[in-house]
Amino acid sequence: MVAEIAPVLMGRMMGKVFQLSRLALAIDFRTNDGRYLFISVEPAQPRIYLIERRVRELEKQAHTSSSFALVLRKQLGGARLTSIVKEETDRIVRLLFNGSDEIGNRFERTLVAQLTGKAANILLLDE
């Protein structure tokens, strides 16, 4: 899946985060073709792939944003995706972002999707 996702999202800026369920997010990378990055850490079916939706559909389907989704939006909104890597020996995908804060300080953040069954999780890491 990373080979499919990378060419579409690399170099793009992160936009809105839609909370589709307690454990699933759709992330807007402003692709202009209606595709969003879908990440689910549901224990029975963790997954990551591109979905094609209209903004209106996502807004109708979206739940109230969790505190994690709000932190993602605050920390990564406007940051540029510079790298997507899947660990060879595990179902872990790392998305590396570069951006600037409100006062112009550069930062690097990593969004980690651990798609490992019952232990599935999404983590946001700083430097």
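Show that you can apply the helix-only estimate: for the chain, add -39,500 (n - 2.57) for every DSSP H stretch of four or more residues, divide by all residues, and state [θ] at 222 nm to the nearest 500.
-5500 deg cm²/dmol
Enter the Cα centre distance for the pair the range 49-70 and the range 6-46, rounded to the nearest angstrom.
8 Å
Could you calculate the FRET efficiency of Lys118 with Tyr49 from 1/(1 + (r/R0)^6), where r is the beta carbon distance between them and R0 is 35 Å, rounded to 0.05?
0.95
Rank Lys74, Lys86, Lys60 by accessible area, highest first, at a 1.4 Å probe radius?
Lys60, Lys74, Lys86
Sort Thr89, Thr31, Thr82 by heavy-atom solvent-accessible area, probe 1.4 angstrom, most to least.
So the residues, ranked largest to smallest area, are Thr89, Thr82, Thr31.
Evaluate the charge dipole of the range 5-95 about its Cα centre and quote only its size in Debye, nearest 20, assuming +1 on the Cβ of each Lys and Arg and -1 on the Cβ of each Asp and Glu.
Charge dipole, the range 5-95, about its Cα centre: 300 debye, nearest 20.
Between Ser67 and Asn98, what length in nm is gained on full extension when 0.36 nm per residue of separation is reduced by their alpha carbon distance?
Contour length minus Cα-Cα distance gives 9.0 nm.
Candidates [x] 15.3, 52; [y] 13.8, 42; [z] 17.0, 51; which is the computed Rg and Dmax of the Cα atoms in Å?
Comparing each candidate, only [y] matches the computed number.
Compute the relative contact order of the range 50-127 as a whole-number percentage, counting only Cα pairs closer than 8 Å that sit 6 or more residues apart in sequence.
Numbers: 101 pairs, mean separation 14.8, N = 78.
The value is 19 percent.
Accessible area of the range 41-127 with a 1.4 Å probe: how many percent of it is carbon plus sulfur? Mind showing how you got there, number by number?
Working: 2650 of 5640 Å².
Taking all protein chains in place, the range 41-127 shows 47 percent carbon and sulfur surface.
At most 14 other Cβ atoms within 10 Å and a DSSP loop assignment: could you name the chymotrypsin sites (Phe, Trp or Tyr not before Pro) in the range 48-105 that fit?
Hits after loop and neighbour filter: nothing returned.
Determine the per residue accessible area of the chain with all protein chains present and a 1.4 angstrom probe, expressed in square angstrom.
58 Å²
Compute the length gained on full extension between Glu108 and Thr89: take 0.36 nm times their separation in residues and subtract their Cα-Cα distance, giving the result in nm to one decimal.
On the way: separation 19, 0.36 × 19 = 6.84 nm, distance 2.46 nm.
Gain in length upon complete extension: 4.4 nm.
The values are calculated or read from the model by the stated rules, or taken from the named source; none is laboratory data. Just so it is clear, the structure is predicted and the values come from calculations on it, not from any experiment. Cβ atoms come from the backbone with ideal geometry, glycine included; neighbour counts cover every protein chain shown. Just so you know, the surface numbers come from the protein's heavy atoms only, side chains and all, with ligands and any DNA or RNA stripped out. Shrake-Rupley method; radii C 1.70, N 1.55, O 1.52, S 1.80 Å.
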